[in-house]
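The block underneath contains the structure these notes are about, expressed in structure tokens.
FYI, it's all coordinate maths here, none of it is from the lab. Model, not experiment: these values are computed from the prediction. As a convention, Cβ positions derive from the backbone with ideal geometry for all residues, glycine included, and neighbour counts pool all protein chains shown.
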Amino acid sequence: MQHNNDTDYIDFGFKTVKTKLKTGLVHGLFSRVSNQYDLMNDVMSFGLHRCWKKSFVDRLALKPNMQILDVAGGTGDIAIRIAKDKAYLSPCVTVCDLTYDMVRQGKDKAINAGILNIKWHIGNGEQLPYADASFDRATIAFGLRNITNKDQALSEIARVLKPGGMLYCLEFSPPEGTLKPLYDAYSFRIIPWMGELFAKDREAYQYLVESIRQFPKPEILSDMVLKHGFTHCAYEKWTGGIVALHQAVR
């Protein structure tokens, strides 16, 4: 579909929607699936997401008393992992997520785990409610894909990071080569069916698999990051390219 002004329209999965409507659509989608979100992550990935997130947190090179921001932190998997690890000597972890229902799930999960030192905020990654140079680390795991204006979000993350601070981004990346046909068959045929079965929302998980295909490839995302105040960006692919980790220095 062609439009006179491409900036007025944006992808929402394989659909095209008005740019000003996408954030609301994303908010509605995650509100609907919040109760089953963690279960679906386990089911869809066969538990692999837990390994990815553990490896992700292990890479953060945290030091005592660091200020850490988890953007699009959802139900708190990353923040809770950081807060649980006593080796980090009680870092101050702040979760900022668009959706109240996702944050509520995360708060409950943290309290049930006996973790009370996470700050939970509702906010849009495109307009982070924090002062300049407030954080030593910024993380975003499987969240950048859902932000409407990714360039604006990267610029905001750079703004709130201290000089020398680091961004860590974990995101899906469609694999290439021999794994691609199997991955495509699983993601397009099985995942939406699982969404219907477990979360009673096929549409949400159809969006998920489509949004992965619309997301910039790792090399393109690295170039994007460098345009927004970061001095260095490196990436590596995990699990045959299914996910990619980006590390960038402010």
What distance in nm lies between label points placed 7 Å from Cα along the C-beta direction at residue 42 and residue 61? 3.4
Hey, got a sec? Which trypsin sites (Lys or Arg not before Pro) in segment 172-224 land in a DSSP loop and have at most 13 other Cβ atoms within 10 Å? 200
Exposed chymotrypsin sites (Phe, Trp or Tyr not before Pro) being those in a DSSP loop with at most 13 other Cβ atoms within 10 Å, the longest stretch of the chain free of them is 47-250
What is the sum of charges around residue 101, taking Lys and Arg as +1, Asp and Glu as -1, for the other residues whose C-beta is under 14 Å from the C-beta of residue 101? 0
I want the antiparallel fraction of DSSP beta bridges within the chain, as a percent rounded to 5. 50
By the gyration tensor of its Cα atoms, with a ≥ b ≥ c the square roots of the eigenvalues, what is the shape of segment 15-136: rounded for a/c under 1.5, prolate for a/b over b/c, or oblate? oblate
Quick one: Cα centre-to-centre distance for segment 94-133 and segment 174-237, in angstrom? 24
Stretch residue 203-residue 127 to full length: gain in nm at 0.36 nm per residue minus the Cα-Cα span? 24.6 nm
What FRET efficiency comes out for residue 186 versus residue 152 if R0 is 35 angstrom and r is the Cβ-Cβ distance? Round to the nearest 0.05. 0.60
